[in-house]
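Have a look at the structure below before the remarks.
The values are calculated or read from the model by the stated rules, or taken from the named source; none is laboratory data. Note that the coordinates shown come from a computational prediction; the quantities given were computed from them, not determined experimentally. Here the Cβ is made from the backbone with ideal geometry for all residues, glycine too, and neighbour counts use every protein chain on show.
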Amino acid sequence: MKLSFFILCLSAFSVLASETYAQSTKLSLSAKNETIGQVLKKIENQSEFRFFYSDNIQTDKKVTVDIRDRDIQDILSEILSGTGIQFRIIGRQVALFQENEGEPKIPVNQSKVITGKVTGKDGEPIPGTTILVKGTTNGTITDVDGNYTLTNVPDDAVLVFSFVGMEPQEISVDGKSRIDVVMRDKSTGLDEVVVVGYGTRQKKNLIGAVDQVNAKILEDRPVGNTMQALQGAAANLTIQQRSMNPNDNSMNINIRGISTMNNNDPLIVIDGVITEMESLNELNPNDIDNISVLKDAGSAAIYGSRSSNGVILVTTKKGTKGGKPVVRFNSMVGIQSPDVLYEPVPGYQNALLKNQALINGGSSPVFTPEQIRDFQKHGDGQWFLDGILKDAMQQNYSASISGGTENSSYMISTGYFNQESNFVGNFGIERYNFRTNLVNQYGKLKVSANMAYNRTMQKAPNAGAGTLIVDGGRIPPYYTYKMKADNGHYLINDVLSEFNPLGLLEAGGYQKKDNDNFLGSLDVELEVANGLIAKGLVGLDLSANHRFIRSLEVPFYASETATQPSSYANSNRNTEDYNEKRYILNTQFLLDYNRTFNEVHKVTGLLGVSNESYTRQANEIKKKYTDRDLGLPESDTEIDPSSYNTPAQTQERSIYSAFGRAGYTYNDKYYGEFSFRYDGSSKFAKDYRWGFFPSVSAGWRLSEEGFMSRYKKNVGDLKIRGSYGILGNQNVDDYAYFTTYTVYTNIYGFNNHAVSGTGFDFGNSELQWEQSANFNIGADATFFNNQFYVSLDYFNKVTSQILLTPVVPTVFGGAVAKENAGEMKNEGWEATLSYHVKTGKFVHDIKLNVADTKNTVTDFGGNEQINSSDQMQKIIREGAALGSYYGYKTDGYFQSYEEINNSALPIGATVQPGDVKYKDLNNDGVIDDKDRTIIGNAFPRYTFGLTYNLTWNGFDLNMLFQGVGKREMFLRGELVEPFHANYSYVMYKHQLDFWTPVNPDARWPRLASSGSASNTNNFGKASDLYIFNASYIRLKNIQLGYTLPKRITTKVGIQKLRFTLNAQNLLTLANVSFIDPESTEFGSNMGGTGGTGANSGRNYPTLRYYGFGVDVQF
């Protein structure tokens, strides 16, 4: 149904108002000594009129005109005066013919009546399509059902079918009396308009590495935010959904991988306004028209210091000038079911295995045979994790009205999103969206006003999701364990001796958050001269956040009959209030020049200045021992010393910029472009504040060469392009060039009293921009009459002057200031392929993107840095990828004591058959730190996304597959180690394949109790035992829809009525079966130069969505 919105907004209006379009459309035109052909092209560029004429029409005569607000008939009468050329207007099509020839006469005895129907690839009728007898002015227009009747048609005539935005088709009559036509959408090919920095380009003329994601990928999907919808949509746009928790929807986003050891976030621009990542996810995805991803220097350098990690340009939907009002309502309702991928063994078996582990570790068993038989007799109780999770509803509603008048357009929309939490209790997230996009044209003046208000409200448990998950999962399903007694008391046991997760969820309090976001802009354009437009923009991204936390005291009882609590959770009874306000103020002024000379020389230019100013203020008050019922202060209430007021959390920064772009195109064949940005940022000292970031791009459309004419006719289009430029990165800490001081209230003790003190961070007044040298080369080609499109790119990026903290001896007594000292290289490739084909009544659209990126640390001052967390170690080493896992390589399991005696062992280790054997990499006969090596990297490689759309007779099937071809995951904790560290008391089914003398090829080492020599050897070291293959392919979205025929719906005033069935995350194929393969401990900078916690797999479960939707348009 790709054409549905397009058809309703443009097509339906065309048939209902086709006769008035020529009269109501007013054009302004200025041309000095230009050919008629050039003037006609200008008319096409600013309107929906299209001209058709034969080769004998002479359009090279030069004319001079200056016309304001005139209709097409007046304009053509003036420019064609004295040329002998006559015209006839049919809808939006204009046929030209010679006056002395007159309109062609058609012999009656050789003519006939032709009827037929014109539809789109989805089977929907296309009203307003123009049908002309080629070489004549004899024509007609399809009606609201796409039907047409054309009289006086010769048997040997050729009919030309045309519609705005679609490929014209010529079909020979050959004696037929009925001709049905399926139109092809031009926007899927080379004429598609792509949004770039401060402008647009046709796809065929694009010489930068830019991907555009259209509304079809984003809208009508049951996703919580825009970033979720973008996953898998574009090559090398890498998005990892670290958590599916609606109250903590953590996601990583990278464009073309990792390029710096610091912030790798891309720049976000919404309707020309530079914003933050949070604002992207505040948007209603149904309000988005398209998203462009700028990847190389040629396309991104216009944003200078903000663009080294790529740019995401979001364009929201607008109304249609002269368009009839279109009202749309969309709803999606479904259930999200938590899919826990691991499962405990039955209770009696758990007790048996616990005994076996203790015996193997040299300890006595803890369960008697009678206890084990009792567990088997009574069966299992409720596993605590099952007891705290539930299915939850998700709802998504959107409504909009769009249209326009002769000189204006409007789009007004509202949306509501509600996603319940899968934890028991009344938790979840709600979002309200309201948007108005208005455009008004006053002669040469165009004014656009975009305003959006977004409000997000959350209620989350007053306990971390990871804590709830692990406390629910580390308890065996013994029937003797309960979380809640029949009398309502919350229970503890010998494992959970302080509290249980159900009590925390139901009675432990909550965290309420509300975020109000306003995003608006006022954009003014004035046509100063022919081809020259002055533009000014003022934009504001304003957010006000509030968080309120109530910690409620919860009593827990040792047994169902106990009358006195054994422990209390949240005994401090905290009440906390946090408030934050932040805003980004954008101002821009630019001159945009675009003219074509002699029909072949296109010159473009852009020159502008801008400022982005950011301000953030926050305060928080925390109180302990507040009233149990109201959370108000009482006599014992204390103010937590970590509270702070606004001066302690105030940030301000600003960046001034001058930027420009100059381009030249010859005959749509040769392309050249230069762009630059000159930025001055308050993050750097005065002498190092300004940075210059240039780029050059070139392209060659080989298929336009004469020697390639045969190739173009028989194969398709071919273009090669390349770019090189320097981009900057100013994503460093504010005030880093100052030495900053922090006051602490309790830094040390003196005379039995706490004494305040001051800490400090050294500044470096010589800090400079990080700089990235970017090279990109690519090719674009089409095949099979533009049905098959291929785009290939290779890139190489070197980032220098990366901010690092120098390594100093520990006797120095403190840290030193950061300096520009590091360097990284990042290279990769990407391919995008799309194919459109019709087989009978089936229409197929397939799009595949595949990409890879690999980074290498090339300069770290000759040093290495190893960070450890539990058993995980990561390393920064020159010649290796950033944040690589570091540890020992395993060599299977020892099978005999003889093998043990003949092998290298860790110093002091006592091992037995079935224990892990490590590789002695340096062959010195002992396993020690010198045998550690790089054992993997967590950043996704060989990423891909596949979309498949099928339409047939009103039915449509849409599928989105997304995945990763190579990625290593380091996972430790109870999901790997049975009875982990005397913290977990359960064994899972996926751990049953452990070593025994009769199972020597097992997946896991032999069972042994925590703290034993075997367990210390097996699970106490950073090794590839913890490394898992996290490659996967996931059916991210599948949707089946049916659109009722218009002949039925129009009878009740409905232009479109579509019903859908939807599913998300329905199928995942992965090498690791017991945890979501996207689980990771790393953010988008792979831990940077600091440490990061190890991944223990305590993730919010994967959510499967099942739902239905309705889409109505009037």
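Taking the criterion of being farther than 30 Å from VAL609 by Cα and of a type in the set (D, E, K, R), would at least one residue in segment 729-746 satisfy it?
Going residue by residue through segment 729-746, those that are farther than 30 Å from VAL609 by Cα are 739-746.
Those still in the list that are of a type in the set (D, E, K, R) too: none.
No: segment 729-746 contains no residue that is farther than 30 Å from VAL609 by Cα and of a type in the set (D, E, K, R).
Of the residues that sit in segment 253-273 and are among the hydrophobic types (A, V, I, L, M, F, W, C) and in contact with a Leu (Cβ under 7 Å, 6 or more places away or on another chain), which one is farthest from ASN855 (Cα to Cα)? Please lay out each step first, then the result.
So the first thing to find is which residues in segment 253-273 are among the hydrophobic types (A, V, I, L, M, F, W, C), and the list is 253, 255, 258, 261, 267-270, 273.
Then drop every residue that is not in contact with a Leu (Cβ under 7 Å, 6 or more places away or on another chain), which leaves 255, 258, 261, 268-270, 273.
Numbers: ILE255: 13, ILE258: 6, MET261: 11, ILE268: 23, VAL269: 26, ILE270: 29, VAL273: 31 Å.
The qualifying residue farthest from ASN855 (Cα to Cα) is VAL273.
How about segment 142-169: which of its residues are β-branched (Val, Ile, Thr) and closer than 18 Å to ARG1047 by Cβ?
Here is the first cut: in segment 142-169, the residues β-branched (Val, Ile, Thr) are 142, 144, 149, 151, 153, 158, 160, 164.
Once the filter is applied, which keeps residues that are β-branched (Val, Ile, Thr) and closer than 18 Å to ARG1047 by Cβ, segment 142-169 yields THR142, VAL144, THR149.
Applying the selection to segment 241-275, what residues are among the basic types (Lys, Arg) and at pLDDT 90 or above?
ARG256
Residue-wise test of (1) among the basic types (Lys, Arg); (2) in contact with a helix residue (DSSP H, G or I) (Cβ under 9 Å, 6 or more places away or on another chain); (3) within 30 Å of GLN395 (Cβ to Cβ).
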| residue | (1), (2), (3) |
| --- | --- |
| LYS1021 | yes, no, no |
| PHE1028 | no, no, no |
| ARG1047 | yes, no, no |
| GLN1055 | no, yes, yes |
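Which residues, counting only those in segment 350-366, are in contact (Cβ under 8 Å) with a residue 40 or more places away in the chain, polar (S, T, N, Q) and in a helix (DSSP H, G or I)? Quick ask: steps written out before the conclusion?
First pass over segment 350-366, keeping only residues in contact (Cβ under 8 Å) with a residue 40 or more places away in the chain: 350-351, 353-354, 356-358, 360-363.
Adding the requirement that they be polar (S, T, N, Q) leaves 350, 356, 360, 363.
Correct list: ASN350, GLN356, ASN360.
Give the residues of segment 51-76 that are modelled with pLDDT under 75 and over 20 Å from GLN441 (Cβ atoms), sorted by residue number.
So the first thing to find is which residues in segment 51-76 are modelled with pLDDT under 75, and the list is 52-56, 68-69.
PHE52, TYR53, SER54, ASP55, ASN56 - these are the residues of segment 51-76 that are modelled with pLDDT under 75 and over 20 Å from GLN441 (Cβ atoms).
Hey, can you tell me all the residues within segment 628-674 that are of a type in the set (Lys, Arg) and not in a loop (DSSP other than H, G, I, E, B)? Steps first, answer last, please.
Taking segment 628-674 and keeping what is of a type in the set (Lys, Arg), we get 628, 653, 661, 669.
Across segment 628-674, the qualifying residues are ARG653, ARG661.
Return yes when ILE302 is part of a helix (DSSP H, G or I) and of a type in the set (Val, Ile, Thr) and no when it is not. I'd like the intermediate steps shown before the answer.
Working: part of a helix (DSSP H, G or I): yes; of a type in the set (Val, Ile, Thr): yes.
Yes, satisfied.
Among the residues of segment 718-740, is any part of a strand (DSSP E or B) and either free of Cβ contacts under 8 Å to residues at least 12 places away in the same chain or surrounded by fewer than 15 Cβ atoms within 10 Å (Cβ to Cβ) (or both)?
Just the residues of segment 718-740 that are part of a strand (DSSP E or B), to begin with: 718-729, 740.
Of the ones still in play, those that are also either free of Cβ contacts under 8 Å to residues at least 12 places away in the same chain or surrounded by fewer than 15 Cβ atoms within 10 Å (Cβ to Cβ) (or both) are 740.
Yes; the residues of segment 718-740 include at least one that is part of a strand (DSSP E or B) and either free of Cβ contacts under 8 Å to residues at least 12 places away in the same chain or surrounded by fewer than 15 Cβ atoms within 10 Å (Cβ to Cβ) (or both).
Are there any pairs with C-beta distances below 9 angstrom linking a residue in segment 396-414 that is free of Cβ contacts under 8 Å to residues at least 40 places away in the same chain to a residue that is surrounded by 17 or more Cβ atoms within 10 Å (Cβ to Cβ) and polar (S, T, N, Q), with the two at least 6 apart or on different chains, and if so which?
Between residues of segment 396-414 that are free of Cβ contacts under 8 Å to residues at least 40 places away in the same chain and residues that are surrounded by 17 or more Cβ atoms within 10 Å (Cβ to Cβ) and polar (S, T, N, Q), the close pairs are ILE412/SER400; ILE412/SER402; ILE412/ASN437; THR414/ASN284; THR414/SER398; THR414/SER400; THR414/ASN433.
Under 18 Å from LYS512 (Cα atoms), at pLDDT 95 or above, touching a helix residue (DSSP H, G or I) at 6+ places or on another chain (Cβ under 8 Å) and of a type outside the set (Val, Ile, Thr): which single residue out of ASN579, ASN619 fits that description? Before you say what the answer is, go through the steps one by one.
Numbers: ASN579 fails: touching a helix residue (DSSP H, G or I) at 6+ places or on another chain (Cβ under 8 Å).
The conditions single out ASN619.
Can you tell which of ALA449, ALA399 is in contact with a strand residue (DSSP E or B) (Cβ under 6 Å, 6 or more places away or on another chain), surrounded by fewer than 16 Cβ atoms within 10 Å (Cβ to Cβ) and among the small types (Gly, Ala, Ser)? Reasoning before the result, please.
Values: ALA399 fails: surrounded by fewer than 16 Cβ atoms within 10 Å (Cβ to Cβ).
On inspection, the qualifying residue turns out to be ALA449.
Report yes if LYS324 is part of a loop (DSSP other than H, G, I, E, B), modelled with pLDDT under 95, on the phi < 0 side of the Ramachandran plot and touching a Phe, Trp or Tyr at 6+ places or on another chain (Cβ under 6 Å), otherwise no.
When the stated conditions are applied, LYS324 passes them.
Residue by residue, here is whether (1) at negative phi; (2) modelled with pLDDT under 95; (3) in a strand (DSSP E or B); (4) surrounded by fewer than 17 Cβ atoms within 10 Å (Cβ to Cβ) holds:
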position	(1), (2), (3), (4)
VAL808	yes, yes, no, yes
MET824	yes, no, yes, no
LEU833	yes, no, yes, yes
VAL837	yes, yes, yes, yes
ALA851	yes, no, yes, no
ASN863	yes, yes, no, yes
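Can you give me the number of residues within segment 38-60 that are over 16 Å from PHE97 (Cβ atoms), surrounded by 13 or more Cβ atoms within 10 Å (Cβ to Cβ) and in contact (Cβ under 8 Å) with a residue 24 or more places away in the chain?
Qualifying residue count, segment 38-60: 7.
Does VAL986 satisfy being of a type in the set (Val, Ile, Thr) and buried (at least 21 other Cβ atoms within 10 Å of the Cβ)?
On the way: of a type in the set (Val, Ile, Thr): yes; buried (at least 21 other Cβ atoms within 10 Å of the Cβ): yes.
For VAL986, the condition - of a type in the set (Val, Ile, Thr) and buried (at least 21 other Cβ atoms within 10 Å of the Cβ) - is met.
Identify the residue in segment 761-804 that is outside any loop (DSSP other than H, G, I, E, B), at pLDDT below 95 and of a type in the set (Phe, Trp, Tyr) and, among all such residues, is surrounded by the most Cβ atoms within 10 Å (Cβ to Cβ).
TYR789
Got at least one residue in segment 187-208 being of a type in the set (Asp, Glu), surrounded by 17 or more Cβ atoms within 10 Å (Cβ to Cβ) and in contact (Cβ under 8 Å) with a residue 60 or more places away in the chain? Steps first, please.
The first filter runs over segment 187-208 and keeps only residues of a type in the set (Asp, Glu), leaving 191-192.
Now narrow it down to the ones that are surrounded by 17 or more Cβ atoms within 10 Å (Cβ to Cβ): 192.
Pick out the ones that are also in contact (Cβ under 8 Å) with a residue 60 or more places away in the chain and you get none.
Checked segment 187-208: no residue is of a type in the set (Asp, Glu), surrounded by 17 or more Cβ atoms within 10 Å (Cβ to Cβ) and in contact (Cβ under 8 Å) with a residue 60 or more places away in the chain.
On the basis of being closer than 30 Å to LEU971 by Cβ and either within 19 Å of the chain's Cα centre (by Cα) or of a type in the set (Phe, Trp, Tyr) (or both), does PHE1059 make the cut? Full working, then the answer.
Working: closer than 30 Å to LEU971 by Cβ: no; either within 19 Å of the chain's Cα centre (by Cα) or of a type in the set (Phe, Trp, Tyr) (or both): yes.
Judged against the criteria, PHE1059 is not a match.
In this structure, does ILE1054 turn out to be touching a residue at least 24 places away in the same chain (Cβ under 8 Å), in a loop (DSSP other than H, G, I, E, B), in contact with a Phe, Trp or Tyr (Cβ under 9 Å, 6 or more places away or on another chain) and among the hydrophobic types (A, V, I, L, M, F, W, C)?
Numbers: touching a residue at least 24 places away in the same chain (Cβ under 8 Å): yes; in a loop (DSSP other than H, G, I, E, B): yes; in contact with a Phe, Trp or Tyr (Cβ under 9 Å, 6 or more places away or on another chain): yes; among the hydrophobic types (A, V, I, L, M, F, W, C): yes.
Answer is yes for this residue.
Let's see how each residue does on (1) surrounded by 14 or more Cβ atoms within 10 Å (Cβ to Cβ); (2) closer than 30 Å to THR740 by Cα; (3) free of Cβ contacts under 8 Å to residues at least 24 places away in the same chain; (4) more than 39 Å from the chain's Cα centre (by Cα):
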{"position": "ASP592", "(1), (2), (3), (4)": "yes, no, no, no"}
{"position": "GLY608", "(1), (2), (3), (4)": "yes, no, no, no"}
{"position": "GLN617", "(1), (2), (3), (4)": "yes, yes, no, no"}
{"position": "GLY631", "(1), (2), (3), (4)": "yes, no, no, yes"}
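Let me confirm something: among SER657, SER675, SER681, which residue is touching a residue at least 12 places away in the same chain (Cβ under 8 Å), under 26 Å from ASP780 (Cβ atoms), surrounded by 20 or more Cβ atoms within 10 Å (Cβ to Cβ) and not charged (D, E, K, R)? Spell out how you get there, then give the answer.
Values: SER657 fails: under 26 Å from ASP780 (Cβ atoms); SER681 fails: under 26 Å from ASP780 (Cβ atoms).
None of the other options fit; the residue is SER675.
Give me a count of the residues in segment 882-924 that are outside any strand (DSSP E or B), buried (at least 17 other Cβ atoms within 10 Å of the Cβ), without any contact (Cβ under 8 Å) to a residue 60 or more places away in the chain and not charged (D, E, K, R).
3
Would you check which residues across segment 26-36 are surrounded by fewer than 18 Cβ atoms within 10 Å (Cβ to Cβ) and farther than 18 Å from ALA529 by Cα and list them?
THR35
Keeping to segment 386-425, report how many residues are closer than 21 Å to ARG221 by Cα, in contact with a Leu (Cβ under 7 Å, 6 or more places away or on another chain) and among the hydrophobic types (A, V, I, L, M, F, W, C).
0
Hey, ALA229 hits all of (1) part of a loop (DSSP other than H, G, I, E, B); (2) surrounded by 22 or more Cβ atoms within 10 Å (Cβ to Cβ); (3) of a type in the set (Gly, Ala, Ser) but one; which does it fall short on?
In the conditions (1) part of a loop (DSSP other than H, G, I, E, B); (2) surrounded by 22 or more Cβ atoms within 10 Å (Cβ to Cβ); (3) of a type in the set (Gly, Ala, Ser), ALA229 misses (1) alone.
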